[in-house]
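The values are calculated or read from the model by the stated rules, or taken from the named source; none is laboratory data. Since the model is a prediction, treat every value here as computed from it, not as a measurement. We place every Cβ from the backbone using ideal geometry, glycine too, and count neighbours over all the protein chains shown.
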């Protein structure tokens, strides 16, 4: 069971805001009035103690702006994610920490995930983070290859969109370290996905998972760049538009404990994701 950080953040913002507002509008005036009715003989220490706000109110006032800013940034601008598997190699590696643009595909309410502002839609070649249709509590990341209405066919490790082959050219062999080193020596290909050129990784020793389908309206066909090591739309179907979280745009950290030479790969920091 995955932890719902969005729900926790909304609750923390709501609770701290209610406590702060209740004190400012109700409790603080009551304390003020109470001190004014005390006997004239009360010393300054007693008066100050009676005016002092509760600790919980102090915490609420301090943390509410922080919770609110983080909630707004995370819900409507950018959200961080960590890459847990090698399904997007060689583009994204295990241990990459990425930033996901939350407004490219429209603004959605936190927790409810209901779109309330239309701003755009995924394009072919976009790398998107979405809620896994089989288990919406789990975020997945793949590349969009099929748009609504497209006829998508994958045969002998070659992708066809609406009858047109997405050309591939050899781009060397994969050389990596850490969690992805078991695929060292596998062929890397440059795929031309319409106007988008990107690298894919294949494993000739594994059978090709072939098939064809027509993408329904409001859905997308997605695949991993590590074509023979990715459970994607070929296995579980299409991604509904309402499951989209955002577009992956930048790598801001790489941390791989299996990489004995460079646990942090500084070369990947700040790389734009294509």
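Data overview
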read-out: Per-region count, segment 91-118, residues under 16 Å from residue 253 (Cα atoms) and assigned to a loop (DSSP other than H, G, I, E, B); value: 5
read-out: The listed residue being modelled with pLDDT under 95 and either more than 27 Å from residue 16 (Cα to Cα) or in the same structural domain as residue 181 (by TED's automatic domain parsing) (or both), out of 115, 123, 48; value: 115
read-out: Residue match in segment 243-266 (condition: part of a helix (DSSP H, G or I) and more than 30 Å from residue 106 (Cβ to Cβ)); value: yes
read-out: Answer from 218, 176, 180, 194 - the residue that is modelled with pLDDT under 95 and closer than 16 Å to residue 144 by Cα; value: 194
read-out: Condition met for residue 169 (closer than 22 Å to residue 233 by Cβ, assigned to a strand (DSSP E or B), assigned by TED's automatic domain parsing to the domain that holds residue 236 and over 26 Å from the mean Cα position of the chain (by Cα)); value: no
read-out: Candidates 185, 176 - the one that is assigned to a loop (DSSP other than H, G, I, E, B) and either surrounded by 19 or more Cβ atoms within 10 Å (Cβ to Cβ) or outside the structural domain of residue 262 (by TED's automatic domain parsing) (or both); value: 176
read-out: Per-region count, segment 48-77, residues touching a strand residue (DSSP E or B) at 6+ places or on another chain (Cβ under 9 Å) and in contact (Cβ under 8 Å) with a residue 40 or more places away in the chain; value: 2
